[in-house]
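Below is one structure, written out as C-alpha coordinates; comments come after it.
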Amino acid sequence: QVQLVESGGGLVQPGGSLRLSCAASGSIFSIDVMRWYRQAPGKEREWVATITSGGSTDYVDSVKGRFTISRDIGKNTVYLQMDSLKPEDTAVYFCNAVVRITPTTVRVSYWGKGTLVTVSS
(Lines give C-alpha, C1' and ligand atoms only; values in the text may rest on other atoms or scores of the structure.)
Protein backbone atom coordinates (compact mmCIF):
# COMPACT_ATOMS: atom_id res chain seq x y z
CA GLN A 1 0.00 0.00 0.00
CA VAL A 2 0.90 3.63 -0.40
CA GLN A 3 0.44 6.35 2.18
CA LEU A 4 0.45 10.11 1.66
CA VAL A 5 0.99 12.37 4.67
CA GLU A 6 0.56 16.14 4.43
CA SER A 7 2.08 18.63 6.85
CA GLY A 8 2.71 22.35 7.19
CA GLY A 9 -0.80 23.69 7.60
CA GLY A 10 -1.75 26.23 10.24
CA LEU A 11 -3.04 29.70 10.96
CA VAL A 12 -1.51 32.61 9.04
CA GLN A 13 -2.41 36.26 8.59
CA PRO A 14 -3.48 37.63 5.20
CA GLY A 15 -0.43 38.34 3.09
CA GLY A 16 1.59 35.68 4.87
CA SER A 17 3.19 32.47 3.63
CA LEU A 18 3.05 28.75 4.35
CA ARG A 19 4.81 25.77 2.86
CA LEU A 20 2.94 22.50 2.68
CA SER A 21 4.65 19.15 2.28
CA CYS A 22 3.32 15.76 1.25
CA ALA A 23 5.45 12.65 1.65
CA ALA A 24 4.55 9.42 -0.11
CA SER A 25 5.68 6.10 1.37
CA GLY A 26 5.09 2.40 0.85
CA SER A 27 5.40 0.16 -2.18
CA ILE A 28 6.29 2.74 -4.84
CA PHE A 29 7.97 2.05 -8.17
CA SER A 30 7.27 5.45 -9.65
CA ILE A 31 5.06 8.48 -9.18
CA ASP A 32 3.81 9.96 -12.43
CA VAL A 33 1.90 13.00 -11.25
CA MET A 34 1.41 14.75 -7.93
CA ARG A 35 -1.33 17.27 -7.30
CA TRP A 36 -2.69 19.51 -4.57
CA TYR A 37 -6.42 19.99 -4.07
CA ARG A 38 -8.31 22.00 -1.48
CA GLN A 39 -11.77 22.01 0.03
CA ALA A 40 -13.15 25.11 1.71
CA PRO A 41 -15.99 24.88 4.24
CA GLY A 42 -19.28 24.21 2.48
CA LYS A 43 -17.64 23.91 -0.95
CA GLU A 44 -16.60 21.12 -3.26
CA ARG A 45 -13.01 19.98 -3.49
CA GLU A 46 -11.10 21.89 -6.16
CA TRP A 47 -7.85 21.24 -7.95
CA VAL A 48 -5.05 23.68 -7.07
CA ALA A 49 -1.81 22.60 -8.75
CA THR A 50 -0.10 19.76 -10.63
CA ILE A 51 3.49 18.70 -11.16
CA THR A 52 4.48 15.88 -13.50
CA SER A 53 7.45 13.54 -13.28
CA GLY A 54 9.11 15.72 -15.90
CA GLY A 55 8.66 18.83 -13.82
CA SER A 56 5.85 20.47 -15.77
CA THR A 57 3.51 22.50 -13.58
CA ASP A 58 0.02 23.93 -13.82
CA TYR A 59 -2.16 25.98 -11.49
CA VAL A 60 -5.73 27.05 -11.04
CA ASP A 61 -6.07 30.69 -12.08
CA SER A 62 -6.87 31.90 -8.55
CA VAL A 63 -3.41 30.92 -7.24
CA LYS A 64 -1.20 31.68 -10.25
CA GLY A 65 1.67 33.95 -9.27
CA ARG A 66 1.17 33.24 -5.57
CA PHE A 67 1.61 29.45 -5.19
CA THR A 68 4.51 27.30 -6.36
CA ILE A 69 4.45 23.51 -6.57
CA SER A 70 7.69 21.54 -6.53
CA ARG A 71 8.81 18.00 -5.85
CA ASP A 72 11.77 15.99 -4.60
CA ILE A 73 11.62 12.80 -6.65
CA GLY A 74 14.20 11.02 -4.53
CA LYS A 75 12.15 11.66 -1.40
CA ASN A 76 8.75 11.05 -3.08
CA THR A 77 7.70 14.40 -1.67
CA VAL A 78 5.74 17.28 -3.15
CA TYR A 79 5.64 20.82 -1.78
CA LEU A 80 3.29 23.75 -2.13
CA GLN A 81 4.79 27.15 -1.34
CA MET A 82 1.91 29.53 -0.71
CA ASP A 83 2.65 33.26 -0.65
CA SER A 84 0.44 36.34 -0.44
CA LEU A 85 -2.24 34.25 1.20
CA LYS A 86 -5.82 35.49 1.21
CA PRO A 87 -8.76 34.58 3.46
CA GLU A 88 -10.34 32.78 0.51
CA ASP A 89 -7.39 30.37 0.50
CA THR A 90 -8.70 28.95 3.78
CA ALA A 91 -9.35 25.26 3.22
CA VAL A 92 -8.21 21.74 3.93
CA TYR A 93 -5.43 20.99 1.46
CA PHE A 94 -5.13 17.45 0.12
CA CYS A 95 -2.26 15.76 -1.67
CA ASN A 96 -2.89 13.35 -4.53
CA ALA A 97 -0.40 11.07 -6.26
CA VAL A 98 -0.70 8.75 -9.26
CA VAL A 99 1.51 5.80 -8.41
CA ARG A 100 2.78 2.70 -10.10
CA ILE A 101 3.89 0.05 -7.59
CA THR A 102 5.69 -2.16 -10.14
CA PRO A 103 6.83 -1.53 -13.75
CA THR A 104 3.89 -3.49 -15.14
CA THR A 105 1.00 -2.57 -12.84
CA VAL A 106 -1.61 0.02 -13.61
CA ARG A 107 -1.35 3.46 -12.11
CA VAL A 108 -3.43 4.05 -8.99
CA SER A 109 -4.50 7.35 -7.46
CA TYR A 110 -3.87 7.85 -3.75
CA TRP A 111 -4.97 10.62 -1.41
CA GLY A 112 -3.70 12.04 1.85
CA LYS A 113 -5.98 12.97 4.73
CA GLY A 114 -5.39 16.70 4.39
CA THR A 115 -3.93 19.59 6.34
CA LEU A 116 -5.90 22.66 7.39
CA VAL A 117 -4.83 26.12 6.26
CA THR A 118 -6.57 29.07 7.88
CA VAL A 119 -5.91 32.60 6.65
CA SER A 120 -7.28 35.11 9.10
CA SER A 121 -6.32 38.21 11.04
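Just for the chain, what percent of DSSP beta bridges are antiparallel, to the closest 5? Each step should come with its number before you reach the end.
Values: 43 of 46 bridges.
Looking only at bridges with both residues in the chain, the antiparallel portion is about 95 percent.
Of the heavy-atom accessible surface of the chain (probe 1.4 angstrom), what whole percent is carbon and sulfur? Please list the in-between numbers first.
Details: 3200 of 6380 Å².
Solvent-exposed carbon and sulfur of the chain make up 50 percent of the total.
Taking the simple approach of a point 7 Å from Cα along Cα-to-Cβ for both LYS113 and ASP61, what is their distance in nm?
Here the answer is 3.6 nm between the modelled labels.
Using a 1.4 angstrom probe, figure out how much accessible area segment 40-92 has per residue, in square angstrom, rounded to the nearest whole. Don't skip to the end; give the middle numbers.
Details: 2900 Å² over 53 residues.
Per residue, segment 40-92 has an accessible area of 55 Å².
What is the Cα centroid distance between segment 1-54 and segment 75-109, reported in whole angstrom?
First find each Cα centre; the distance between them is then 3 Å.
Among the lysines, which have Cα under 16 Å from the Cα of LYS64 when same-chain residues fewer than 8 positions away are ignored?
Correct list for LYS64: LYS86.
The values are calculated or read from the model by the stated rules, or taken from the named source; none is laboratory data. On a predicted model such as this, the values are computed, not experimentally measured, just so you know. Every residue, glycine as well, gets a Cβ built from its backbone with ideal geometry; the counts of neighbours run over all protein chains shown. To get the accessible areas, we keep the full protein, side chains included, count just its heavy atoms, and leave off ligands, DNA and RNA. Shrake-Rupley method; radii C 1.70, N 1.55, O 1.52, S 1.80 Å.
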